[in-house]
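A.B. asks: Structure below; questions to follow.
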Amino acid sequence: MASPECDKCEEWRRKGATYCGECGRFLGDGCPMCQMWKDRGAAFCGECGRALDRPPAEKRKGNIFHTIIKFSAALFLLSVVCALLADIASAGNILDALENKSLGFYIPLGLEDIVLFRLSGTGLSAYFVIELAVIGLFGAYATYRTFAVRKECGDDPDRMAHTDLSAAASILCVTLATSLIYLMFMAAGGHTADTSWMDRYSRWEMMFMLTNAGLQEELAYRLVLIGIPMAVIAFAKYRDVKCWRFLLGGFGMSKAAFILILVSSAIFGLGHYDGWGWVKVIDAFAGGILFAYAYSEYGLHVCVLIHFVNDTLTLFPGGIFIELAMMGLGLIILIYWIIKPNRSAYRFTDMPSMPPRPEGKVLSMWERH
């Protein structure tokens, strides 16, 4: 803080001096450090605490990549809404089809699973209704967070590219694009995924299965195989009950998360062998890595939405055209990722062993971006 004026300060000020010749006090408006902190863009002086008048920050302009991300995010949100509406409109038929069916909840191990319990009858019908509500809430929250970040950062292109909807859309687009490239490559060699198992199910049963995969498989392969181990390791390290929040995802990349992503994705790939054949194993492994990254970096709600849209794009009119558009956008985004990679997402040696201790409110991990 500035020292008090001496009896000579005003005399030296009238002479036009910047500093008092008697006590050396700065005679200008504020303190000597105000201008330096102002030049650095601070709102207050770091020396005297005085509020600084700053010129308005220059609005950053995005490039074509940011425009593509915005467009893909809009398509993604449209797909979530349309798929949910299709499920709601068909709910009566779906519930009728589930009347004599059962659904197992399991711990995935790859080629075999450990079934914990099964739901059928009224329980299964109630689960389907709750499932739609959860997916709807996840979509609403992702939309809210995206607009909250926009309000906070003034549409900053780099911040907006990492919002929930933007991240979900870009990851899904790349997933669809890489899957298309891989399956076309395999088809050229005479190898295709076996889809004959779908013939055993009615239209409404398939609709339920595709809708259900987004939530149930993310809970099984991401929350169980990544979230629970991360929570246990974090509790052993920090001895803090808040470590249960690791179950929600969004904790960020670390060496522990990186290893668990690879393990869970390998199990996710093997889980698609039954019915689909080995061609689908590699495709599902690659998709599993992207889904698991979304879980770790952005949260459970984001990976559930990605998986849900990935499986339900063909359930509503026009969905196939959105899927084709997303594949095209995914190729562009993939090229951009290759040219300008996010090294923090894969450079293992630069990652911390574990994310930091959970702090703040419950959903703080979902709001890191």
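A.B. asks: For residues that are among the β-branched types (V, I, T) and exposed (fewer than 15 other Cβ atoms within 10 Å of the Cβ), scanning just the stretch 229-262, find the one that is farthest from M351 (Cα to Cα).
C.D. replies: My answer is V241.
A.B. asks: Take V149 and tell me if it is in contact with a helix residue (DSSP H, G or I) (Cβ under 8 Å, 6 or more places away or on another chain), open to solvent by 60 Å² or more (accessible area, probe 1.4 Å), closer than 26 Å to H66 by Cα and of a type in the set (A, V, I, L, M).
C.D. replies: Numbers: in contact with a helix residue (DSSP H, G or I) (Cβ under 8 Å, 6 or more places away or on another chain): yes; open to solvent by 60 Å² or more (accessible area, probe 1.4 Å): no; closer than 26 Å to H66 by Cα: yes; of a type in the set (A, V, I, L, M): yes.
Here the answer is no, as V149 does not meet what is asked.
A.B. asks: Identify the residue in the stretch 93-111 that is more than 29 Å from the chain's Cα centre (by Cα) and not small (G, A, S) and, among all such residues, is nearest to A266 (Cα to Cα).
C.D. replies: Kept after step one, since they are more than 29 Å from the chain's Cα centre (by Cα), are these residues of the stretch 93-111: 93-102.
Adding the requirement that they be not small (G, A, S) leaves 93-96, 98-101.
Details: N93: 35, I94: 32, L95: 33, D96: 35, L98: 31, E99: 34, N100: 33, K101: 29 Å.
Filtering the stretch 93-111 for residues that are more than 29 Å from the chain's Cα centre (by Cα) and not small (G, A, S), the one nearest to A266 (Cα to Cα) comes out as K101.
A.B. asks: Tally up the residues in the stretch 256-298 that are acidic (D, E) and more than 21 Å from the chain's Cα centre (by Cα), please.
C.D. replies: Here is the first cut: in the stretch 256-298, the ones acidic (D, E) are 274, 283, 297.
Subset that is more than 21 Å from the chain's Cα centre (by Cα): 274.
Result for the stretch 256-298: 1.
Conditions (1) open to solvent by 70 Å² or more (accessible area, probe 1.4 Å); (2) in a helix (DSSP H, G or I); (3) charged (D, E, K, R), marked per residue:
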| site | (1), (2), (3) |
| --- | --- |
| A73 | no, yes, no |
| A83 | no, yes, no |
| L103 | no, no, no |
| L111 | yes, no, no |
| G123 | no, yes, no |
| F128 | no, yes, no |
| E131 | no, yes, yes |
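A.B. asks: Test each condition in (1) surrounded by fewer than 17 Cβ atoms within 10 Å (Cβ to Cβ); (2) assigned to a strand (DSSP E or B) for L119 and report the one that comes out false.
C.D. replies: With (1) surrounded by fewer than 17 Cβ atoms within 10 Å (Cβ to Cβ); (2) assigned to a strand (DSSP E or B) applied to L119, the lone miss is (1).
A.B. asks: Residues in the stretch 309-353 that are surrounded by fewer than 17 Cβ atoms within 10 Å (Cβ to Cβ), of a type in the set (S, T, Y) and over 24 Å from M253 (Cβ atoms): how many?
C.D. replies: Selection size over the stretch 309-353: 1.
A.B. asks: List pairs: first residue in the stretch 132-145 and in contact (Cβ under 8 Å) with a residue 60 or more places away in the chain, second residue outside any helix (DSSP H, G or I) and surrounded by 17 or more Cβ atoms within 10 Å (Cβ to Cβ) anywhere in the structure, Cβ distance under 7 angstrom, at least six positions apart or on different chains.
C.D. replies: Note: pairs meeting the criteria are R145/T163.
A.B. asks: Here is a further query. In the stretch 196-212, is there at least one residue being over 25 Å from A89 (Cβ atoms) and open to solvent by 30 Å² or more (accessible area, probe 1.4 Å)? Please lay out each step first, then the result.
C.D. replies: Quick first cut of the stretch 196-212, residues over 25 Å from A89 (Cβ atoms) only: 196-197.
Checking the rest, the ones that are also open to solvent by 30 Å² or more (accessible area, probe 1.4 Å) come to 196-197.
So far as the stretch 196-212 goes, yes, one or more of its residues are over 25 Å from A89 (Cβ atoms) and open to solvent by 30 Å² or more (accessible area, probe 1.4 Å).
The values are calculated or read from the model by the stated rules, or taken from the named source; none is laboratory data. Note that the structure is predicted; figures quoted are calculated from it, not measured. Backbone-built Cβ (ideal geometry, glycine too); neighbour counts: all protein chains shown. Ligands, DNA and RNA are excluded from the accessible area calculation, which covers all protein heavy atoms including side chains. Shrake-Rupley method; radii C 1.70, N 1.55, O 1.52, S 1.80 Å.
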